[in-house]
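For reference, the structure discussed in these notes is given below.
What follows is calculated from the coordinates using simple rules that are stated; it is not laboratory data. These figures come from a predicted structure and were not determined experimentally. Here Cβ is always computed from backbone atoms with ideal geometry, including for glycine, and neighbour counts include all displayed protein chains.
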């Protein structure tokens, strides 16, 4: 097998050129620099917007008179605006920036067509702006993460196609015939988003399914968006970053295939678990519950792979800024997934249904797992892309703790609020106003969490723009600044 | 796993199977329901024009973020709370597009709010300032649905009857806009006053 690989790579003489490894990498990075940087810039901007909207919606949850004079900022609009900006603004941009750069690096040679990525990325962000304004002026639609109005959705879809095609071209142009797990997840995320977004738009809005079945489609879409799109983007980043930052093989790399297919199969139905006991066919919700429980298998494989890899190089985690974001992301993934697995069972659902538990859990999964992985990725990518050192490791250190604390506090307070509220809402006949009033303290704590989260985002933005705008030092002008990261992804463990 | 088409095919098969099994199958089996009966006896009841406009306002303001429209029988205590007499079924929703089943209950369920609160004036006061009608509520006020204007002559018959402590200054009145009245009409229209034989309810269970 290795002979064939060597034979194949020898077919591309550009790889065997006289330049050093680092110069070759510089060539690859240069081919995607403009587009990747643009996408990261957009992600930083949207992270700030999302943090601010999250803070406003969190304050409004316990103090409804806050900013009440602005009708476009009522809770019913800020809340969907927050989630949509968080996912389509921040996570998609950050995730796509990471996987585009990783795709180019794993392809092993410069990738052309970066104009396609630039145009598609610009169009995507324009669509997110249009969608956000649409929600705030009242054109929203009543399904989670499908709130963007009908005039924003087609542009969002088409621009994603553009980015997806670029990723496919990068995969097609790879110099090594063998693939690395990250590439599987990148492809899976691209294919899945195209599919599920099309199905959701057609079955809910273009040729609407009858009545409650729109909600079935929406739940299916919501579960798949986080399980088949955001999670694979984050897995792609983790599988790349763990070997690169720790100099450590993924332990049990051979099991990746099982984890990949079982994760996709189980997540593709797990969103339906939210429909239990509602006016929906009961067996559809049961499929969702079973699928959610089946997530236990891939989650345990991921857990073994990631945790063993991290533990076997534990001392190195604190040496690398990226690695500690990776470690946070792995822990957040395991906690959130286990809560999804056990929270979807009918017993816990009887208490937790319709409460803030779901929001806390989803925030932990999306921001804690996805967001922290992409941040770690951006701290790994930026020095290489710009050939500059990270401006202040102290600032990034503080940012890590503040952001991490923010995500933890938000998730923990909303999850506890959900279980306390659910016990009163679903398990007693206490008046709804009193039931909510009794969990008010948790909402105050969540607001505190959003203050931390916003501060972390501001620090992230500062260190990003500081790095972007500072001039290069003498040392940074030489190409030998960075030690090349180990090429672990090509060697079978 | 080294080939793109293989991964594409795998993902395609998984997503398509999930789509066919959990969306296409239930919709083809139970998503082609027809209303039963006609005229006043029609199930589900037909919504009036004013309420339909209020439905749009409901969507525009994002009410679905905090209010569900589904009554559960097998779990929770929706029926004990008086939110309905029986489990809601797909037939109850066939006229609604987009449907507002919702996923969060920060406020109460609204499937039958028109039966619980049958006074439009209550709803208007509640939209104007929820603290008037349900003190301590976390619901935001919607003053933009109302117009505050100087009283001319006898004043409008539609003006809100604001209680002590919430009244506006002397010589002014608060009049609901068309949107507010439509939203109130929509609230009043939210009631299920027919039975569906298959729908589980406490009475049916006790007969068995």
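Taking only the C-alpha atoms of segment A:163-304, Rg followed by Dmax gives 17.1, 54 Å.
Determine the gain in length on full extension of the stretch residue A:20-residue A:63; use 0.36 nm per residue of separation and subtract their C-alpha separation, reporting nm with one decimal.
On the way: separation 43, 0.36 × 43 = 15.48 nm, distance 5.98 nm.
This chain segment gains 9.5 nm when fully extended.
Rounded if a/c is under 1.5, else prolate if a/b beats b/c, else oblate: with a ≥ b ≥ c from the C-alpha gyration tensor eigenvalues square-rooted, which is segment B:1-121? Spell out each step's value before the answer.
Values: a/c = 2.24, a/b = 1.93, b/c = 1.16.
It comes out prolate by the Cα gyration axes.
Taking Cα pairs under 8 Å and at least six residues apart, what relative contact order does segment B:96-149 come out at, in percent?
Values: 27 pairs, mean separation 12.3, N = 54.
That works out to 23 percent.
I need the calculated FRET efficiency for the pair residue A:113 and residue B:56, taking r as the beta carbon distance and R₀ as 51 Å, to the nearest 0.05. Let's see the in-between values first.
Numbers: r = 44 Å, r/R0 = 0.86.
Efficiency at R0 = 51 Å is approximately 0.70.
Of the peptides B:9-20, A:74-85, the order by per-residue mean of other Cβ atoms within 10 Å, starting with the highest, comes out as A:74-85, B:9-20.
Give me the percent relative contact order of chain B, please, defined on Cα pairs under 8 angstrom at least 6 residues apart. Value for chain B: 25 percent. Peptide B:135-142 shows a mean partner chain C-beta count of 6 within 10 Å per residue C-beta. Each of B:110, A:454, A:395, A:275 was scored by other Cβ atoms within 10 Å of its Cβ. Arranged with the fewest first, they read A:395, A:454, B:110, A:275.
Helix A:213-224 axis versus longest C-alpha principal axis of chain A: approximately 40°, rounded to the nearest ten. Averaging 1/r across all pairs of distinct Cα atoms in chain B and inverting the result yields a Kirkwood radius of 20.1 Å.
Per the Debye formula on identical point scatterers at the alpha carbon atoms of segment A:115-225, with no solvent, log10 I(q)/I(0) at q = 0.16, 0.18, 0.22, 0.23 Å⁻¹ is -0.79, -0.94, -1.20, -1.26.
What percent do you get for the relative contact order of chain A when only Cα pairs under 8 Å and 6+ apart count?
On the way: 751 pairs, mean separation 83.6, N = 493.
Across chain A, relative contact order equals 17 percent.
Computed log10 I(q)/I(0) for segment A:31-135 at 0.12 Å⁻¹: -0.47, from the Debye equation with unit scatterers placed on every C-alpha and solvent omitted. Sort out for me the Cα centre separation of segment B:100-128 from segment A:335-413, rounded to whole Å. So the two Cα centres are separated by 35 Å.
Model label sites at residue B:197 and residue B:158, defined 7 Å from Cα along the beta-carbon direction, differ in position by 4.5 nm. Here the spin labels are modelled as points 7 Å beyond Cα on the Cα-Cβ line, and at residue B:170 and residue A:470 they lie 6.7 nm apart. Ordered by the count of other Cβ atoms within 10 Å of each Cβ, fewest first, B:123, A:62 give A:62, B:123. Treating r as the C-beta distance of residue A:133 and residue A:314 and R0 as 41 Å, the FRET efficiency rounds to 0.30.
Label sites at residue A:150 and residue A:206, each approximated as a point 7 angstrom past Cα along Cα to Cβ, lie 1.3 nm apart. Compute the Rg/Rh shape ratio of segment A:22-490: radius of gyration over Kirkwood radius, all on alpha-carbon atoms. Over the Cα atoms of segment A:22-490, Rg/Rh equals 0.95.
Quick check on segment B:131-188: take the gyration tensor over C-alpha atoms, sort the square-rooted eigenvalues as a ≥ b ≥ c, and tell me if it's rounded (a/c under 1.5), prolate or oblate.
Numbers: a/c = 2.17, a/b = 1.27, b/c = 1.71.
In terms of gyration-tensor shape, oblate.
Hydrodynamic estimate: the Kirkwood radius of segment A:293-372 over Cα pairs, inserted into Stokes-Einstein at 20 °C and 1.002 mPa s, corresponds to D of 158 µm²/s. One quarter of the convex hull surface built on the alpha carbon atoms of segment A:325-450 amounts to 8.3 nm², the projected area averaged over directions.
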